[in-house]
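Peer 1: First the structure, which I've put down as structure tokens, then a few questions once you've had a look.
Here, each number is a calculation from the coordinates, and none is a lab measurement. All values reported here derive from a predicted model rather than from experimental measurement. Ideal geometry is used to build each Cβ from the backbone, glycine not excepted, and the neighbour counts take in all protein chains shown.
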Amino acid sequence: NIYYAERNGITIIEYTDEEKMVGSVSGETAALRYEASIKSVIAEKLQAEDEVVIFEEIATEKGDFTKVRSRNGVIGYVAAKDLKDKRVIPAVTKEDTTPENTLPPLQGKVNLVWDMIISPNQNTADSRRQTHEGVNVLSPTWFSFDTEAANGDIINLADKSYVDWAHQNGYQVWGLIADDSSVNTEILTNTENRENAIKQLLALASLYNLDGINIDFERITESLAEYYIQFLRELKPLMSEQGLILSVDLYVPLYTKHYNRTEIAKVVDYACVMTYDEYTNVDKVAGPNASYGFVEEGILATLEEMPKEKVIMGIPVYSKIWRNEKIHKQTGRNETYKFFTDQGAEFVWQEEYKLYYAEFTTVEEGEQVKYCTWVEDERALE
């Protein structure tokens with residue numbers, strides 16, 4: 001509980017999970033002194049029925065005193081005889097509190113598509129003006145940090161006509177902002193830089209009539225985790241004032257236990273769990289992008305820390321083509337099929353991964369090369 005005592009310019013913060021004792025002035029006035037002595041200087045004159053917070057009782061040779069805090073934020077001592085109606089206000093337990101953000105802001109399932117946009121002219125492409133049944137949120141990759149300024153300034157690729165078209169066709173638009181490992185520390189650990197980034201996000205959301213912001217910070221180290229959550233805490237109340245939805249993108253907990261999802265869940269409206277990139281070049285061996293077991297484990301681990309109503313499962317619609325145990329390229333399903341079928345490869349269902357697998361071997365510059373892939377098709381996604 002936080003309130004401002006204007007008279008003395010004091011902000012008072014009370015923890016509601018701790019009980020407190022209060023009382024009121026019994027006579028017409030009472031002297032609030034700096035020390036527990038009738039000879040001490042008077043800090044404030046309390047009036048009849050003024051309520052004070054009681055900290056402790058103190059017995060002295062000259063009389064009994066009570067340490068209190070006035071409604072103006074002044075802490076001092078009053079004669080014990082000058083107080084009446086002492087009572088305890090019990091602590092508020094977790095069972096007694098109802099979080100302001102208990103239910104998600106959208107009714108029903110969120111079917112969101114991240115729309116990869118890397119240049120402004122892509123916003124008006126015909127392929128982006130086609131409706132898709134079931135989808136209700138578009139999240140274009142419009143915003144990123146200016147790495148040269150490194151002060152929270154945002155590079156903007158947004159387009160108002162994109163938003164207008166989306167709204168006319170029943171979509172919400174959550175503009176995505178991505179982080180950059182080269183400037184994360186400068187931005188997240190600096191109060192002014194966080195404030196600068198937040199102000200710009202709010203302004204951009206208003207300018208383009210967005211419905212929400214999607215925070216895609218994928219390079220949060222352990223040392224930055226607490227600052228990342230602080231950024232979200234500072235951003236959310238201001239977004240709520242504008243009626244905006246706040247969502248974040250998270251890897252599966254296997255990779256990012258330090259993100260502290262329990263605290264994140266208290267702040268955001270939704271968390272998109274990226275249940276993919278199971279195997280990368282770091283593994284030094286080819287493997288599926290999102291096997292069934294990997295996806296299930298990631299979601300179940302997330303649900304241990306976050307309520308299911310806030311969790312969106314991010315699924316891949318791209319595949320990795322491997323060349324000799326290293327990623328050759330990432331591409332869509334159709335191109336992946338063509339790449340392998342053109343070489344006579346057959347796609348075989350692997351029940352262990354619940355994915356279709358294909359491979360072929362060829363010779364390039366006198367060297368034998370093996371290509372393989374696990375493809376994300378309708379059956380795999382189902």
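Peer 1: Under the rule of at least 5 residues apart or a separate chain, name every residue whose amide H is placed under 5 Å from the amide H of Ile312.
Peer 2: Correct list: Ala271, Cys272, Val273.
Peer 1: Another question, if that's okay. Please give the calculated 222 nm ellipticity per residue for the chain, where each DSSP H segment of at least 4 residues contributes -39500 (n - 2.57) and the sum is spread over every residue; nearest 500 deg cm²/dmol?
Peer 2: Roughly -6000 deg cm²/dmol at 222 nm, from the helical runs in the chain.
Peer 1: Then there's this: Given the options Glu61, Glu335, Glu346, state which has the largest fluctuation in a GNM of the chain using a 10 Å cut-off (strictly under) for Cα springs.
Peer 2: Its mean-square fluctuation being the largest, the pick is Glu61.
Peer 1: Past the 19 angstrom mark, what percentage of all C-alpha to C-alpha distances in segment 196-353 do you count?
Peer 2: 62
Peer 1: Using +1 on the beta carbon of Lys and Arg, -1 on that of Asp and Glu, and nothing else charged, what's the dipole of the chain about the Cα centre, debye to 20?
Peer 2: 880
Peer 1: Going by amide H atoms built from the backbone, whose H comes under 5 Å of the H on Val369, apart from near neighbours?
Peer 2: Thr362, Val363, Glu364
Peer 1: Between the alpha-carbon centers of segment 322-382 and segment 35-98, tell me the distance in whole angstrom.
Peer 2: 75
Peer 1: If I model a spin label as a point 7 Å beyond the Cα along the Cα-Cβ vector, how far apart are those points for Ile299 and Ile327 in nm?
Peer 2: 2.3
Peer 1: Which ³J(HN,Hα) values in Hz, rounded to whole numbers, follow from the phi angles of segment 105-121 under the Karplus curve 6.51 cos²θ - 1.76 cosθ + 1.60, where θ = phi - 60° and Gly and Pro get x?
Peer 2: x, 9, 7, x, 6, 8, 10, 9, 10, 6, 9, 6, 10, 10, 8, x, 5
Peer 1: With θ set to phi - 60° and the Karplus curve 6.51 cos²θ - 1.76 cosθ + 1.60, what are the ³J(HN,Hα) couplings of segment 2-10 in order, to the nearest whole Hz, using x for Gly and Pro?
Peer 2: 10, 9, 10, 8, 4, 4, 10, x, 10
Peer 1: While we're on this one: Taking springs between alpha-carbon atoms closer than 10 angstrom, which of Arg323, Arg129, Arg69 fluctuates most in the Gaussian network model of the chain?
Peer 2: Judging by the Gaussian network model, the answer is Arg69.
Peer 1: How large is ³J(HN,Hα), in whole Hz, for each residue of segment 371-378 in order, when computed from phi with the Karplus curve 6.51 cos²θ - 1.76 cosθ + 1.60 and θ = phi - 60°, using x for Gly and Pro?
Peer 2: Couplings: 10, 8, 7, 10, 9, 9, 10, 4 Hz.
Peer 1: Work out, step by step, the length gained on full extension between Ser240 and Asn136: first 0.36 nm times the residue separation, then minus their alpha carbon distance; give nm to one decimal.
Peer 2: The span from Ser240 to Asn136 would gain 35.4 nm if fully extended.
Peer 1: Taking the structure as given and computing volume of the Cα convex hull per residue in Å³, which label from (1) 176; (2) 122; (3) 205 fits?
Peer 2: Answer label, from the structure shown: (3).
Peer 1: Here's a follow-up. Once you put a point 7 Å from the Cα of Glu352 and another 7 Å from the Cα of Ser161, both along the Cβ direction, what distance in nm separates them?
Peer 2: 5.1
Peer 1: Calculate, in nm to one decimal, what Gln230 and Gln343 gain on full extension: separation in residues at 0.36 nm each, minus their alpha carbon distance.
Peer 2: 35.5 nm
Peer 1: When the chain is fully extended, how far beyond the present Cα-Cα distance does Asn151 get from Glu6, taking 0.36 nm per residue of separation?
Peer 2: 48.9 nm
Peer 1: Within 10 Å, count the other beta carbons around each residue, average over each peptide in 153-162, 6-15, and list them highest first.
Peer 2: The packing order, highest mean first, is 153-162, 6-15.
Peer 1: With springs only between Cα atoms under 10 Å, which of Val173, Val268, Val135 fluctuates most in a Gaussian network model of the chain?
Peer 2: Val135
Peer 1: Taking Cα pairs under 8 Å and at least six residues apart, what relative contact order does segment 129-242 come out at, in percent?
Peer 2: Value for segment 129-242: 28 percent.
Peer 1: Using the charge dipole of the chain (Lys, Arg: +1 at Cβ; Asp, Glu: -1 at Cβ; taken about the Cα centre), state which of Ile118, Thr361, Thr336 has its Cα farthest towards the positive end.
Peer 2: Result: Ile118.
Peer 1: Which FRET efficiency value, to the nearest 0.05, is calculated for Glu14 and Glu309 with the Förster distance at 22 angstrom and r the Cβ-Cβ distance?
Peer 2: The computed FRET efficiency comes out at 0.15.
Peer 1: About its Cα centre, what dipole magnitude does segment 166-274 give when the only charges are +1 on Lys and Arg Cβ and -1 on Asp and Glu Cβ, stated in debye to the nearest 20?
Peer 2: Dipole magnitude for segment 166-274 comes out near 220 debye.
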